[in-house]
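Notes follow once the structure below has been shown.
Bear in mind these aren't lab numbers, they're just calculated from the coordinates by the rules spelled out. These numbers were taken from a predicted model, which means no experiment stands behind them. Note that we place each Cβ from the backbone using ideal geometry, even for glycine, and neighbour counts take in every protein chain shown.
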Amino acid sequence: MTSRRHERPLAIAAATAGAIALTLGAGTAAPADAPAFPQGSTSFQSNCAMCHGTAGAGVPGLAPPITSYPARYAASAEGRRQLALTLLYGLFGDIVIDDKHYDLRMPDFARLDDATLAATLNFVVFDLGHAPASVKPLEAAEIGAERGKSVDGAAVREHRKGLVP
């Protein structure tokens with residue numbers, strides 16, 4: 001049983017909270033810094049950030065930045081295939097990005113389902129790489145089409161050579 005003297009402060013607090021929410025735009029679009037692909041962000045932070053950094057800028061001597069190439073790859077069919085292959089099978093050996101060599105041994109992430117991998121790639125491509133609106137998001141079916149092939153990280157690196165100018 002609530003006494004009347006407690007009802008008024010609660011009503012005022014509720015009205016104040018509602019006014020603040022309206023002033024701040026609660027119920028409208030997400031803040032500008034919220035990721036467009038939140039599930040992908042979560043997966044990226046759990047699986048990729050330890051090597052590529054939380055913003056994808058790379059870690060010198062460990063892993064390259066992933067803020068430009070994935071966005072470019074997502075604009076072509078073979079590039080999209082490269083993105084799927086890279087997550088499914090890893091990437092082994094020397095690659096050059098921005099005139100810096102990385103001799104990496106990126107692990108595969110085939111243990112993750114196709115939808116999670118597509119969301120992760122979309123986070124990298126759109127949230128980190130800022131791909132233009134003309135690029136369509138990757139779909140789970142694109143990942144699934146590459147799953148189960150007889151490919152390893154060295155073959156993924158070889159495929160990549162055909163995409164890099």
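If the viscosity is 1.567 mPa s and the temperature 4 °C, what Stokes-Einstein diffusion coefficient in µm²/s follows for region 37-161 when Rh is the Kirkwood radius over Cα pairs?
Translational D for this selection: 91 µm²/s.
Given R₀ = 35 Å, FRET efficiency for LYS149-ASP99 by Cβ-Cβ distance, to 0.05?
Efficiency computed from Cβ-Cβ geometry: 0.65.
Could you line up ARG72, ARG111, ARG157 from fewest to most neighbouring Cβ atoms inside 10 Å? It would help to have the intermediate numbers written out before the result.
Values: ARG72 16, ARG111 9, ARG157 19.
Fewest-to-most ranking of ARG72, ARG111, ARG157: ARG111, ARG72, ARG157.
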